[in-house]
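The values are calculated or read from the model by the stated rules, or taken from the named source; none is laboratory data. Remember, it's a predicted structure, so these values are computed and weren't measured experimentally. Cβ placement follows ideal geometry from the backbone for every residue including glycine, while neighbour counts extend to all protein chains displayed. In case anyone asks, the SASA skips ligands and DNA or RNA and just uses the protein heavy atoms, side chains included. Shrake-Rupley method; radii C 1.70, N 1.55, O 1.52, S 1.80 Å.
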Amino acid sequence: MAAMLPILSYMGIPAFNLPTALVSNTLDYGDFAMQDTTAYMRQTLPVWKKLGFRFDAICTGLMFSEEQSRLVAQFCRDQAGQGCTIFVDPVMGDGGKLYNGIGENQVRLMREMVSVAHLIFPNYTEACHLVGEPFKQDGMTRREACDLLDKLVKLGTRSAIITSCFIDNKNQVCGYDAATGKYFFHDYDEIPGLYHGTGDIFSAVLIGHLMKQESLSASTRQAMDVVREMIYRNRDVEDRCCGIFIERCLDLL
């Protein structure tokens, strides 16, 4: 959320926020303190409903309990019925493993969120966990990537993107666009190293362009290019766990 808000704001999209937890630091450090905010969520959503708030789009992230998933899924259903677009970023893991502190219960809860989505954008690790397939260290063929996208759509989402893929010996982001009924594939050059928050940056830029009525394929390419340039500008930062210095890079948008 901290990574997404400045990007959406700079792109002219005012955003409300509803945290599922307050976390002392990024999970990459290995140790953290976390405050569950379910009670706050339980109080906030009825207030928004009473005030008649309506949203053009909702983007959901990590859910920490079944109650959180139920509350947010129902709110998304209600808003979708009024024309709201639901984006789901199934934040769970990377590099073939779930993140520190994330278990199979979170995977199950995330499938509930996927079922109410118009678009999801997991990385390859998260896509494998969502559909119950093994992570292939050597990557996929293009046909296997399309099959994986089809399985994600069967969970309930209309469209899907999978990031951080290795397809036919190339680094690619692949997707299925329900609006066109077509798959798309975009190549990228990998910059070595792990940088916290790049998935959130990708999500924010992607949503920003989609809200401007750009196509899913074109918006995906725009988000990929911004992430690449932000990583390149921050490649010499010593503590990569603290994330990208986003505000220094807003001119890229």
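Evaluate the following for MET41: is it open to solvent by less than 50 Å² (accessible area, probe 1.4 Å), part of a loop (DSSP other than H, G, I, E, B) and farther than 28 Å from LEU253 by Cα?
On the way: open to solvent by less than 50 Å² (accessible area, probe 1.4 Å): yes; part of a loop (DSSP other than H, G, I, E, B): no; farther than 28 Å from LEU253 by Cα: yes.
Here the answer is no, as MET41 does not meet what is asked.
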Reported set for region 188-212 where residues are outside any helix (DSSP H, G or I) and either more than 23 Å from CYS242 (Cβ to Cβ) or open to solvent by less than 20 Å² (accessible area, probe 1.4 Å) (or both) is TYR188, ASP189, GLY197, MET211, LYS212
SER24 passes all but one of the listed conditions (1) modelled with pLDDT of 95 or more; (2) open to solvent by 60 Å² or more (accessible area, probe 1.4 Å); (3) in contact with a Phe, Trp or Tyr (Cβ under 7 Å, 6 or more places away or on another chain); the exception is number (1)
Tally, over region 213-236, of residues that are over 17 Å from SER159 (Cα atoms), in contact (Cβ under 8 Å) with a residue 24 or more places away in the chain and outside any helix (DSSP H, G or I): 2
Residue check: is PHE53 of a type in the set (A, V, I, L, M, F, W, C) and open to solvent by 60 Å² or more (accessible area, probe 1.4 Å)? yes
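Kindly establish whether ASP138 is open to solvent by 60 Å² or more (accessible area, probe 1.4 Å) and in contact with a Lys or Arg (Cβ under 8 Å, 6 or more places away or on another chain). Walk me through it before giving the result.
Details: open to solvent by 60 Å² or more (accessible area, probe 1.4 Å): yes; in contact with a Lys or Arg (Cβ under 8 Å, 6 or more places away or on another chain): no.
Here the answer is no, as ASP138 does not meet what is asked.
Looking only at region 177-194, decide whether some residue is at negative phi and under 14 Å from the mean Cα position of the chain (by Cα).
Just the residues of region 177-194 that are at negative phi, to begin with: 177-180, 182-192, 194.
Filter again for under 14 Å from the mean Cα position of the chain (by Cα), leaving none.
Within region 177-194 (the criterion being at negative phi and under 14 Å from the mean Cα position of the chain (by Cα)), the answer is no, since none of the residues qualifies.
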I'd like the residue in region 84-129 that is farther than 18 Å from SER203 by Cα and at pLDDT 95 or above and, out of all such residues, is surrounded by the fewest Cβ atoms within 10 Å (Cβ to Cβ). CYS128
